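Asks: So that we are looking at the same thing, I have put the structure below in structure tokens.
The values are calculated or read from the model by the stated rules, or taken from the named source; none is laboratory data. Bear in mind the structure is a predicted one, so any value in this text is a computation, not a measurement. In this analysis, Cβ positions are derived from the backbone assuming ideal geometry, glycine residues included, and neighbour counts consider all displayed protein chains. Remember, those area values only see protein heavy atoms, side chains included, never the ligands or the DNA or RNA. Shrake-Rupley method; radii C 1.70, N 1.55, O 1.52, S 1.80 Å.
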Amino acid sequence: MTNDKQLLLKGLSSLSGAPDEQAAYALTLLEPKNGLEVVRSAVTVLEKNPLPKARGRLRDLYWYYADKNGTRDPAAYTRTVILKAPRQVMGYDDTELVVHAVSTYEFLPPNFTEEAALLRGTAIVLMAELDDSLAMYYATRLMADGYTEPMSGQPALMAVHVLSSL
């Protein structure tokens, strides 16, 4: 990691005693040029201390990392963190983004195994908060998904939880 990125991360962690200031600083770090580690750290801060004005920037970041078949965010870890952050400020107009996430499959080399199960599992929970009917449809589909992770059972396990809560 370059010194610039280390400085950004240090600055973010130095504000841990002042959550509002830390969240405001995290908002300034939501730029792809800062790298995946800095962006994920900033988004994690915003998950703990949500700022409604971060919502648009988080949406833009999600679409940036989803572009080019997810090559900017292998295995969808950054997109998963991004989806968790705006939960308190999400609205019905976020449905398109969540539908995209719950329908994302990425097959990464060298074995070309599917690696976006965590993203789909996170998305089905968010979908349940936005639209019950749509969530029931997608949860049912995820329960029969042929790309369920054998060790964790995701996203089928999360789909079962969503259906049972609805």
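Asks: Can you report the number of residues in segment 118-166 which are among the acidic types (Asp, Glu) and under 17 Å from the mean Cα position of the chain (by Cα)?
Replies: Matching residues across segment 118-166 total 1.
Asks: Let me ask something else. Conditions: (1) surrounded by fewer than 23 Cβ atoms within 10 Å (Cβ to Cβ); (2) aliphatic (A, V, I, L, M); (3) more than 23 Å from Ser165 (Cβ to Cβ); (4) modelled with pLDDT of 90 or more. Ala76 meets all but one. Number of the miss?
Replies: All conditions pass for Ala76, except number (1).
Asks: Still on this structure: Out of the residues in segment 82-96 meeting the condition of being surrounded by 22 or more Cβ atoms within 10 Å (Cβ to Cβ) and hydrophobic (A, V, I, L, M, F, W, C), tell me which one is nearest to Arg120 (Cα to Cα).
Replies: Selected residue: Leu83.
Asks: If you don't mind, there's one more thing I want to ask. Among the residues of segment 34-48, are any more than 14 Å from the chain's Cα centre (by Cα) and in contact (Cβ under 8 Å) with a residue 40 or more places away in the chain?
Replies: no
Asks: Would you say Ala54 is open to solvent by less than 40 Å² (accessible area, probe 1.4 Å), more than 20 Å from Arg72 (Cα to Cα) and of a type outside the set (Ser, Thr, Tyr)?
Replies: yes
Asks: State which residue pairs qualify: first residue within 16 Å of Arg40 (Cα to Cα) and inside segment 81-99, second residue open to solvent by less than 40 Å² (accessible area, probe 1.4 Å) and of a type in the set (Ser, Thr, Tyr) in any location, beta carbons under 8 Å apart, and separation of 6 or more residues or different chains.
Replies: Ile82/Tyr62; Ile82/Tyr65; Leu83/Tyr62; Leu83/Thr122; Lys84/Thr122
Asks: Pick from Ala139, Ala116: which is small (Gly, Ala, Ser) and touching a residue at least 40 places away in the same chain (Cβ under 8 Å)?
Replies: Ala116
Asks: Another one. Could you go through segment 61-68 and let me know if any residue there is under 24 Å from Thr113 (Cα atoms), among the aliphatic types (A, V, I, L, M) and either over 16 Å from the mean Cα position of the chain (by Cα) or modelled with pLDDT of 90 or more (or both).
Replies: yes
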